[in-house]
Every structure is written in structure tokens, then in C-alpha cells.
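Single-structure report; data block below.
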């Protein structure tokens with residue numbers, strides 16, 4: 001009996017060990033089986049397999065490429081590098097990515113020139129390929145040449161994929177969707193978060209017509225935070241508070257992105273504003289409790 005128990009214990013240890021050893025593979029298979037979501041580096045062949053083929057093949061075959069909108073030198077296209085960030089869970093990606101790949105194929109763009117990264121719903125990927133690129137909407141098509149970014153098509157084309165792509169490659173005037181977010185990102189990159197803070201009133205006045213709602217700014221703040229740009233994330237929330245005042249969601253975001261070691265007063269003030277408007281707000285109540293527990 002003891003020998004049987006020992007054998008059973010040894011078998012259990014071996015099984016657990018195997019599961020731990022092969023955890024990444026197991027997790028990936030389990031994820032795809034339950035959520036039908038690809039994550040990380042992928043290729044067209046992966047999208048042509050079930051269950052993704054249900055939407056990929058249908059949209060690829062149905063799309064008629066507008067060749068008249070592509071007055072491009074095919075030889076020059078060989079220098080291009082295209083990075084596509086998409087979500088296999090995203091309706092816009094399911095529509096635009098097959099179309100874009102069909103256009104690329106007709107232009108003679110080699111598969112080796114195209115890199116595709118599938119993101120999770122939280123806009124992250126296991127290999128962190130998103131880092132430093134501030135991908136706030138999917139799909140995002142990044143067109144580059146000689147290691148220099150020429151432009152992006154974000155979420156969907158403003159005119160058509162062909163016309164938008166031609167403008168970017170030819171370096172003609174082009175404004176993608178979510179222009180307000182892109183302009184703010186450029187300010188952070190070329191100036192600084194401090195510059196935006198110092199000029200917030202004028203920047204807010206200029207950008208307000210370009211934002212659809214507060215959620216666009218709150219999403220951008222989150223994207224900045226996962227790209228290790230904490231100060232820019234907080235500044236974005238402060239700008240949102242100026243453009244969309246009296247928003248509980250924005251006050252909570254300011255508290256969330258404020259540095260806990262140096263801005264406890266600000267954090268407490270934001271939670272108190274939230275609780276005045278919504279006395280039972282769980283996040284604010286929990287935040288106040290944590291501040292009291294830490295003695296701040």
C-alpha cells in the first residue's frame with residue numbers, strides 16, 4: 001500500500017513538473033481554444049487557419065483593390081517596412097487587415113517586409129513589441145523606410161487604404177484618425193510632459209475639437225502608462241480634466257497615475273471629489289482606506 005502511495009505521489013510530481021516546464025505552450029493552446037485570440041508575432045498563414053480563416057479569407061477574397069489609387073513605383077516599394085498591430089478579437093482588424101494584405105500582395109510587397117503583431121485587449125503582447133510605439137487603437141499600420149517612420153493608418157483609412165497608403169509613401173499631407181491623440185504624443189516626444197503642463201490651457205483649447213470624448217484621452221493615458229511614460233500619462237489625465245470637467249472617471253485616473261510616494265495629497269483630493277459625487281464609489285473608498293492604512 002505504501003509503495004502504491006509513493007508511486008502515485010511520484011506520478012503526480014512528474015505531471016506537475018511537466019505542466020510547469022511546458023507552461024507557455026499549454027497557456028497558448030488553452031487561450032486559443034477558449035478565446036480564439038492570437039497574441040504576439042503572427043503571419044498571414046496563421047490567419048488563414050481556423051477559426052480566423054472564417055473572417056480573414058472572406059474579407060480577403062471579397063475586397064477589390066482600387067489600383068487607380070496606387071500610382072506607386074513598385075521598385076521603390078522594396079525599401080518599405082510595414083508593421084501591423086492588430087487584434088484578432090477586433091472588428092476593425094478583421095475588416096482592414098485582410099484588405100491591406102491583399103493590397104500589399106498586388107503591389108508586390110514581400111511577406112518579409114511585413115511584420116504583424118497580435119495584441120491582447122489590453123494592448124499588450126508577450127514579447128512587448130508594442131513598447132515605445134504608443135499603439136492606442138488597432139489595427140495600426142506603421143509604414144517605414146530606412147528605419148524612419150513615414151506615417152500610420154490608425155484603426156481605418158480616412159479615404160481608402162490605397163489612397164492613404166499612397167499619401168504616406170509619397171509623403172503628401174495626411175492626417176490619420178485620432179489626430180488629437182497623435183498630436184499630443186508628438187508634443188510629448190518632441191517637447192516634454194512639462195511643456196504640455198505649462199501650456200495646458202492653449203493646448204487644450206486647440207485639441208478639444210479633435211477629441212471625440214473623454215475616453216479617447218483616458219485610453220491614451222493608459223497607453224502611455226504601459227509604455228513607461230508615467231508623467232505623460234498623468235499630464236494627459238490633467239488635460240482631460242480641463243477639457244471634460246466634473247468627470248468621476250477622470251478624477252479616478254488622476255489618482256491612479258499620480259506618483260503614490262510624492263502626490264498623496266493630490267490622490268486624496270481626487271478621491272474626495274469622487275466620493276462627494278458618488279459616496280459609494282468602490283475604487284475611491286478603497287483608495288482612501290489604503291491612504292489611511294499607510295498613514296498618508
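The values are calculated or read from the model by the stated rules, or taken from the named source; none is laboratory data. Keep in mind that what you see is a predicted model, and the values were worked out from it rather than measured. Every residue, glycine among them, receives a Cβ derived from its backbone with ideal geometry; neighbour counts consider all protein chains shown.
Does residue 96 count as over 24 Å from the mean Cα position of the chain (by Cα) and under 23 Å from residue 138 (Cα atoms)? Taking the combined requirement at face value, the residue does not satisfy it. Among the conditions (1) touching a residue at least 12 places away in the same chain (Cβ under 8 Å); (2) out of contact with any helix residue (DSSP H, G or I) (no Cβ under 7 Å at 6 or more places or on another chain); (3) within 16 Å of residue 226 (Cβ to Cβ); (4) in the same structural domain as residue 58 (by TED's automatic domain parsing), the only one that residue 128 does not satisfy is (1). Please work out which residue is nearest to residue 187 (Cα to Cα), limiting yourself to segment 138-149 and to residues that are assigned to a strand (DSSP E or B) and touching a residue at least 60 places away in the same chain (Cβ under 8 Å). Among those that are assigned to a strand (DSSP E or B) and touching a residue at least 60 places away in the same chain (Cβ under 8 Å), it is 142.
Any chance you could count how many residues in segment 161-207 are surrounded by 14 or more Cβ atoms within 10 Å (Cβ to Cβ) and either over 21 Å from residue 236 (Cα atoms) or in contact (Cβ under 8 Å) with a residue 40 or more places away in the chain (or both)? Full working, then the answer.
Of the residues in segment 161-207, the ones surrounded by 14 or more Cβ atoms within 10 Å (Cβ to Cβ) are 161-169, 174, 176-185, 187-188, 192-193, 195-197, 200, 203-204, 207.
Add one more test, that the residue is either over 21 Å from residue 236 (Cα atoms) or in contact (Cβ under 8 Å) with a residue 40 or more places away in the chain (or both), and what stays is 161-169, 174, 177-178, 181, 184-185, 188, 193, 196-197, 200.
Qualifying residue count, segment 161-207: 20.
Looking at 84, 135, just one residue is surrounded by 21 or more Cβ atoms within 10 Å (Cβ to Cβ), in a strand (DSSP E or B) and not assigned by TED's automatic domain parsing to the domain that holds residue 236, and that residue is 84.
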